[in-house]
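The structure under discussion appears below in the form of C-alpha cells.
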Amino acid sequence: MGWAIALQGGAGDIPRTLPAERRETREAALRHFLAIGVDALKAKKSPLDVVELVVRELENNPHFNAGRGSVLTSEGTVEMEASIMDGNTKRCGAVSGLTTVVNPISLARLVMEKTPHIYLAFDGAEKFAREQGVETVDSSHFITPQNIERLQQAIEANAVQLDYTQPIQKDVKKETPNTDSDSQIGTVGCVAVDNDGNLAAATSTGGFVNKMVGRIGDTPIIGAGTYANNLVAVSATGKGEAIIRGTVARDVAALMEFKGLSLKEAAAYVVEESVPRGNVGLVAVSAKGEVTMALNTTGMYRACATEDGYSEIAIWPSVQN
Amino acid sequence: MGGWAIAVHGGAGVDPNLPQQRQEEAKQLLTRCLNLGISALRSNLSAIDVVELVVRELETDPLFNSGRGSALTAKGTAEMEASIMDGHGRRCGAVSGLTTVKNPVSLARLVMDKSPHSYLAFSGAEEFARQQGVEVVDNEYFITEENVGMLKLAKEANAIVFDYRVPAVGLETCGAVAESPIMMNGLPISVYAPETVGCVVVDSQGRCAAATSTGGLMNKMSGRIGDSPMIGAGTYACNICGVSCTGEGEAIIRGTLAREVAAVMEYKGLGLQEAVDFVIKERLDEGKAGLIAVSNKGEVACGFNTTGMFRGSASEDGFMEVGIWD
C-alpha cells in the first residue's frame, strides 16, 4: 500500500523522429506535473483533488490536446470535454461542448458536486459555468497556431485525424523536419490513489482534429475514457470511437473484479485484446498502490510515480516490458 | 439453444395506483411493438434493423417518454437522446440534444452507419440530421398537454420528476390504494408519467442488438445528458448479449449497467438471467432501475428493483409475455 499517481498527455502515432526540442518540452511538462501531483499526495490531498489539480495543469499547457491547445473542429472552433470520477462513491461528473471554460475538468467536478446530474453539455454546460462563476474566456484563448495548421492539413487530406498522428501518407511535404510531425498532442488524464486506497480518475480533451461540430468522444463517457471504483482508477486516450465501443476504462476494472486479473494484466489485456492496434493507451492505479501505463499505439506521453520511490517519464513503449 | 428473441420496455418504476385504463393502454402498445418486432424477425430482418424499427414505433407513440411524449426540460421544450448498438462488431451510434428530429433512434443509427463518429449532440447532431435528410418537425410536435401539466407540477415542487415512480418507504404492496399520496422526489403524483423506451433483440443468426431512446428527466436543465445515449450505461450489445436500461440515469451511469450484464457473462461465466439478477441486486446501491436483455443463445430476460417496469418479451419457441408488475 502507498500512494501512486500516473498521468498521460495523449496516445498515438508519436514518431520516434520527433524533434528533440518538442520532445524535451513535453517531457519537462510531464515531469513538472508529476511533481505537482506527488507533492499534493504527500500533502495528503484527496486523490479527487489531486487528479483535478494535475489535469488543470495539463489543460493550461498548450502542448497537450485539452483546454488551451485543444485541437479544432471542422469549423475551426474548440469544443472541449472532460470527466472525473471518485472511486469510493462512484460519483462522477462530465461535460462536453465547452467553448469558453478555461478548465473543463473543474466544471465536470462542479457538475458532480453541485447538480443532481452527471453530465451537462453545450449551451447548458456553458450556462452552468456562468452560474458557478468559473473562469471563462474568449474561445480564441484555446486556439494555437499549431492546431490551426493541423486542421488545415486534415481538411486538405479530407480526413479526420486522431488528435496527433503523422500527416496523411500521400502528403509528400513530410520531409521537412519542422513540419507538423508535432501532431502528437492528445487527450490528457490523471489517476491517483492515496495511502488509504482512495482512488480517482480524470480525463480531458479537445477531441479529434477536424471533428464534426457536436462530436462527442470517449473522454466524457464514464466507463469509456474514465472510470474509478474501489479497486482501480483508469484514464484512457486514443481513438474515441474505439474506446467507447470497447468500454475501455470499465473493462480494466471488470477484468480485475470478475476475472481476478492483476492491474498490469488487466490493462495489458485491454490494450492487446479488446481494442485494435494503434487505438488506445491508458494509465491506471490500483487500491494497493500499484501503477500501470499500457498502450498499443506507437507512443503515449506519460509519467508515473509510487510512494516506494519508483518513477517514470516516457513516450514510447519501454523496452523491458 | 438459438432462435430469435426480443424484449421491449417503456420504463421502470410505475405508480402502483396507475389507473387501469393507462395500464391497458401501455400493455397494448407494448404488445403492438412486440408483434412488430416479431414479424420483422420472422421476415429475417437483422437484429439491428429490428431494434431500430421497434424503438421508432415507441418514439412515435406519445404514451411513453421518448420522441413524441418526451419529458420536458425546465424551459418547456423537448430535448431527446438515443443510442443504438450492434453486437456484431460492437458498432454504435448515439445522439443527444435533439429538438426537431422525429425519430432520434434513427439518427443514432445514421451516426453509426454514416459518420466517422459514434456520438453527435446538439446543434452538430441537428446539422447532421439535415445533411442526412431525416424527417424533422417543430419542437411542438413532441410536446403533449399531459407533459406540460407534469412540468408545471414539477416546477411547483421545485423538484426533478424522475421518469418513473417509487412509492414512499413503507408501502409494501403494489396495486393497493395508498392512504397518503405516492411521493416521488417530494411530489405527490396521481397522473401516469411517461417513461424511457428500449428494445433488445437477438436474431436467428445469433446477432444481438440494443437501442434506447428518451426525452430524459422532467424539468431537467437544458444540456443534461442521461444514461440513454451512453454506450455501456443505458445501452450495450456485444456478441453475447444486448441490453437496454431504464430508471435513474445517474445510477445507471455510475454502475455502467448495460456493460455490467455483459461483463459478468463474459468474465464470470454467468448465464443471462443470473447476470441480470446479479447486476440489479448488486450494482445499483441506492439507485432504482430496470433492464431488458437478450443473449446470443436466444434467451430473453428482464430485471428491476423498482415497482414495476413496462415490458414485453418473446422468443421463437412461442414464449410471449407483456407485463408491468413483478
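Couple of notes before you dig in:
- So B:Ser213, is it away from every other protein chain (no Cβ under 14 Å), touching a Ser or Thr at 6+ places or on another chain (Cβ under 8 Å) and assigned to a strand (DSSP E or B): yes
- Total residues in the range B:87-113, condition part of a helix (DSSP H, G or I) and away from chain A (no Cβ under 11 Å): 8
- When we screen A:Ala294, A:Ala284, A:Ala305, A:Ala267 for residues that are under 24 Å from A:Gly2 (Cα atoms) and either β-branched (Val, Ile, Thr) or part of a helix (DSSP H, G or I) (or both), the only hit is A:Ala267.
- All positions within the range A:57-85 that are crowded, with 24+ Cβ neighbours inside 10 Å and over 24 Å from B:Met230 (Cβ atoms): A:Leu58, A:Phe64, A:Leu72
- All of B:Thr100, B:Thr60, B:Thr77 fail the test of being free of Cβ contacts under 8 Å to residues at least 40 places away in the same chain, open to solvent by 10 Å² or more (accessible area, probe 1.4 Å) and farther than 24 Å from A:Thr247 by Cβ, apart from B:Thr100.
- When every residue of the range A:18-26 is checked against the conditions, none turns out to be surrounded by 24 or more Cβ atoms within 10 Å (Cβ to Cβ) and over 15 Å from A:Ala192 (Cα atoms).
- Of the helices (runs of 4 or more DSSP H) that lie entirely inside the range B:232-283, those containing 2 or more residues that are modelled with pLDDT of 95 or more and more than 9 Å from every other protein chain (Cβ to nearest Cβ) span B:257-268, B:272-282.
- Taking the range B:251-263 as the range and being buried (at least 24 other Cβ atoms within 10 Å of the Cβ) and over 15 Å from A:Arg245 (Cβ atoms) as the test, the residues that pass are B:Ile252, B:Ile253, B:Arg254, B:Gly255, B:Leu257, B:Glu260, B:Val261.
- All helices (runs of 4 or more DSSP H) inside the range A:94-185 with 3 or more residues being small (Gly, Ala, Ser) and at pLDDT 90 or above: A:122-132
- Condition met for A:Glu21 (away from chain B (no Cβ under 14 Å), assigned to a helix (DSSP H, G or I) and within 30 Å of B:Pro229 (Cβ to Cβ)): no
- Only listed residue being within 30 Å of B:Glu316 (Cβ to Cβ) and touching a residue at least 60 places away in the same chain (Cβ under 8 Å), chosen from B:Ile84, B:Ile143: B:Ile84
- The range A:245-291, subset open to solvent by less than 10 Å² (accessible area, probe 1.4 Å) and touching a residue at least 40 places away in the same chain (Cβ under 8 Å), residue nearest to B:Cys238 (Cα to Cα): A:Ala249
- Those residues of the range A:235-264 which are assigned to a helix (DSSP H, G or I) and more than 14 Å from chain B (Cβ to nearest Cβ), in sequence order: A:Leu263, A:Lys264
- Extreme residue, surrounded by the most Cβ atoms within 10 Å (Cβ to Cβ), among residues of the range B:195-221 that are polar (S, T, N, Q) and at pLDDT 95 or above: B:Thr212
- Within the range B:119-158, if we keep just the residues that are within 22 Å of B:Ile48 (Cβ to Cβ) and open to solvent by 10 Å² or more (accessible area, probe 1.4 Å), the residue that is farthest from the other protein chains (Cβ to nearest Cβ) turns out to be B:Glu135.
The values are calculated or read from the model by the stated rules, or taken from the named source; none is laboratory data. A quick note: this is a predicted structure, and the numbers were derived from the prediction, not measured. When we count neighbours, we look across all protein chains shown, and the Cβ atoms used for this are built from the backbone with ideal geometry, even at glycine. Just the protein is used for accessible areas: all its heavy atoms, side chains included, with ligands, DNA and RNA removed. Shrake-Rupley method; radii C 1.70, N 1.55, O 1.52, S 1.80 Å.
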